[in-house]
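**Student:** Can you keep this structure in mind? I'll have questions shortly.
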Amino acid sequence: MTQSPQPGAKPPNPYLDQIRYWYPYASPYDPCPPIYRRSYIVAPNQYVGFQPPHLPQYSPKQALRYGTLWPIFYSPYDQASGKGGD
């Protein structure tokens, strides 16, 4: 079960809103503690069918830091939590 959008809400921007949330069912009979919200990342390259010409580029030093030459393909990774979800 995913989060249902609000009526009249705009769809998420795939390049800015990369973190999505999922709300799994929590059974009252489950012996484990429930997890009410999980997060996952949708990489921006999932929305580009082909590489358009003349995309802006990072400098070589920035490209090594970010792991990509093109800013639209950059996806930050949260290393502080050490976990895959919430």
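The values are calculated or read from the model by the stated rules, or taken from the named source; none is laboratory data. In this text, all values refer to a predicted model and were calculated from it rather than measured experimentally. No Cβ is skipped: glycine too gets one built from the backbone with ideal geometry, and neighbour counts run over all protein chains shown. To get the accessible areas, we keep the full protein, side chains included, count just its heavy atoms, and leave off ligands, DNA and RNA. Shrake-Rupley method; radii C 1.70, N 1.55, O 1.52, S 1.80 Å.
**Student:** Any idea how many residues of the stretch 46-84 are open to solvent by 100 Å² or more (accessible area, probe 1.4 Å), within 16 Å of Gln18 (Cβ to Cβ) and modelled with pLDDT of 80 or more?
**Tutor:** The total comes to 1.
**Student:** Now for a different question. From the set of residues in the stretch 42-56 that are out of contact with any strand residue (DSSP E or B) (no Cβ under 6 Å at 6 or more places or on another chain) and of a type in the set (A, V, I, L, M), which is farthest from Pro24 (Cα to Cα)? Before the answer, list the steps.
**Tutor:** Filtering the stretch 42-56 down to residues out of contact with any strand residue (DSSP E or B) (no Cβ under 6 Å at 6 or more places or on another chain) leaves 43-56.
Going one step further and asking which of them are of a type in the set (A, V, I, L, M), we end up with 43, 48, 55.
Working: Ala43: 21, Val48: 29, Leu55: 38 Å.
So the residue we want is Leu55.
**Student:** Additional query: Is there any pair linking a residue in the stretch 27-52 that is closer than 25 Å to Phe73 by Cβ and part of a helix (DSSP H, G or I) to one that is of a type in the set (Gly, Ala, Ser) and open to solvent by less than 80 Å² (accessible area, probe 1.4 Å), with Cβ under 7 Å and at least six apart or on different chains, and which?
**Tutor:** Pro44/Ser75
**Student:** Let me ask another. With the condition kept exactly as written, say whether any residue in the stretch 10-28 is open to solvent by 50 Å² or more (accessible area, probe 1.4 Å), over 19 Å from the mean Cα position of the chain (by Cα), modelled with pLDDT of 85 or more and not polar (S, T, N, Q).
**Tutor:** Looking only at the stretch 10-28, we keep the residues that are open to solvent by 50 Å² or more (accessible area, probe 1.4 Å), and these are 10-13, 15-17, 19, 21-23, 25, 28.
This time we only want the ones that are over 19 Å from the mean Cα position of the chain (by Cα), so: 25, 28.
Next cut, modelled with pLDDT of 85 or more only: 25, 28.
Filter again for not polar (S, T, N, Q), leaving 25, 28.
Yes, because at least one residue in the stretch 10-28 is open to solvent by 50 Å² or more (accessible area, probe 1.4 Å), over 19 Å from the mean Cα position of the chain (by Cα), modelled with pLDDT of 85 or more and not polar (S, T, N, Q).
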